[in-house]
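S.K.: Structure in structure tokens, see below.
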Amino acid sequence: MSDDFRAVSLSTPAQYAAAAALYREVFGYRQPDHGVNPRLLAALARNGGSVVGVLDATDRLVAFAYGFPGTSESALYHYSQSAVVVAGLQGRGLGRMLKYAQRDVALANGMTRMRWTYDPFQVRNAHFNLNVLGARARWYTPDLYGPGTDRLVVEWDLTRAPSSGRAPVAEIPVPTDRASVTDDVVARVREEFAELLAMGLIATGIHRDDDHTASYVFGAAE
């Protein structure tokens, strides 16, 4: 990770506007209703949410993430809604800087857990979330945002260092190429996740089997 970058909590109208512009740029959104409202970011920052960014050596915003407090069945956690990194700087450790900046905000507000979602067929994201950060996939939500948007919900214990955990007891293979994910593959993965999660197991990591397949590994809930 380069010393040319630093993580900060965003706090000015200009920074919120820059974050909203970066969000639209990275996702390629053209319609205003697909963006993030800078006023919403200001409200989140002042009311227990996280609005964090990474600045380069010229103070240009090159990465951005935001989140907010969440509750579910009496559990209190910080929910990370979205994180983006400018094209050309992905793979430089900026995503990790964002997550740890959000972690600092969450801990400062008395929360020790963070949750977020990701596409279970994005193997690179799975590696980052499970292997690098040490988050655990505990829930599988089909069609979260509409047809074809299955998501895994992960939970990250902010008080523990990443660990390999116990020996895996089950695995689920997935294609490494998103274009190879057919309806039959989605149906199989949904069924297998549902079965293992219902047994009280959680996805603790992922590993590459070959150029075409990676496998989620499961262990007992921690």
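S.K.: Using the Cα centre of the stretch 92-197 as the reference point, and only Cβ charges (+1 on K/R, -1 on D/E), how large is the resulting charge dipole? Debye, rounded to the nearest 20.
M.R.: With only Lys, Arg, Asp and Glu charged at Cβ, the dipole is about 660 debye.
S.K.: Restricting to DSSP loop positions (anything but H, G, I, E, B) with no more than 11 other Cβ atoms inside 10 Å of their own Cβ, which trypsin sites (Lys or Arg not before Pro) remain in the stretch 117-222?
M.R.: For trypsin sites (Lys or Arg not before Pro) across the stretch 117-222 that sit outside H, G, I, E and B with at most 11 neighbouring Cβ atoms in 10 Å, the list reads 160, 166.
S.K.: Oh, and also: With the Cα gyration tensor of the stretch 38-155 giving a ≥ b ≥ c as the square roots of its eigenvalues, does the rule (a/c under 1.5 for rounded; else a/b larger than b/c for prolate; else oblate) give rounded, prolate or oblate? Write out the running numbers ahead of the final one.
M.R.: On the way: a/c = 1.60, a/b = 1.14, b/c = 1.41.
Taking the square roots of the gyration eigenvalues as a ≥ b ≥ c, the stretch 38-155 is oblate.
S.K.: Can you give the accessible area per residue of the stretch 1-106, in Å², using a 1.4 Å probe?
M.R.: That works out to 54 Å² per residue.
S.K.: Same structure, new question: Using the heavy atoms of the protein chains and a 1.4 angstrom probe, tell me the accessible area per residue for the stretch 122-163 in square angstrom.
M.R.: Per-residue accessible area for the stretch 122-163 comes out at 46 Å².
S.K.: Please list 3J(HN,Hα) in residue order for the stretch 46-52, calculated via the Karplus relation 6.51 cos²θ - 1.76 cosθ + 1.60 where θ = phi - 60°; whole Hz, with x for glycine and proline.
M.R.: Karplus values, whole Hz, x for Gly and Pro: 8, 9, x, x, 10, 9, 10.
S.K.: Express in nm, to one decimal, how much length is gained between residue 25 and residue 187 on full extension, taking 0.36 nm for each residue of separation and deducting their alpha carbon distance.
M.R.: Gain in length upon complete extension: 55.0 nm.
S.K.: Of the labelled options (i) 17.8, 51; (ii) 18.3, 65; (iii) 16.3, 48, which one gives Rg and Dmax of the Cα atoms in Å as computed for this structure?
M.R.: (i)
S.K.: Same structure again: Helix-only mean residue ellipticity at 222 nm, the chain, DSSP H runs n ≥ 4 weighted -39,500 (n - 2.57), per residue, nearest 500. What is it?
M.R.: Details: 5 runs with 59 residues, N = 222.
Result for the chain: -8000 deg cm²/dmol, rounded to the nearest 500.
S.K.: Tell me the relative contact order for the chain as a rounded percent, counting alpha carbon contacts under 8 Å between residues six or more apart.
M.R.: Over the chain, the number comes to 15 percent.
S.K.: I would also like to ask the following. What is the angle, in °, between the Cα long axis of helix 183-198 and the longest principal axis of the Cα atoms in the chain? Nearest 10 is fine, range 0 to 90.
M.R.: Tilt of helix 183-198: around 90 degrees.
S.K.: Rounded to the nearest percent, how much of the accessible area of the stretch 37-138 (1.4 Å probe, protein heavy atoms only) is carbon and sulfur?
M.R.: Here it works out to 45 percent.
The values are calculated or read from the model by the stated rules, or taken from the named source; none is laboratory data. Predicted model, so just to flag it, every value in this text is computed and none were measured. Every residue, glycine as well, gets a Cβ built from its backbone with ideal geometry; the counts of neighbours run over all protein chains shown. Just so you know, the surface numbers come from the protein's heavy atoms only, side chains and all, with ligands and any DNA or RNA stripped out. Shrake-Rupley method; radii C 1.70, N 1.55, O 1.52, S 1.80 Å.
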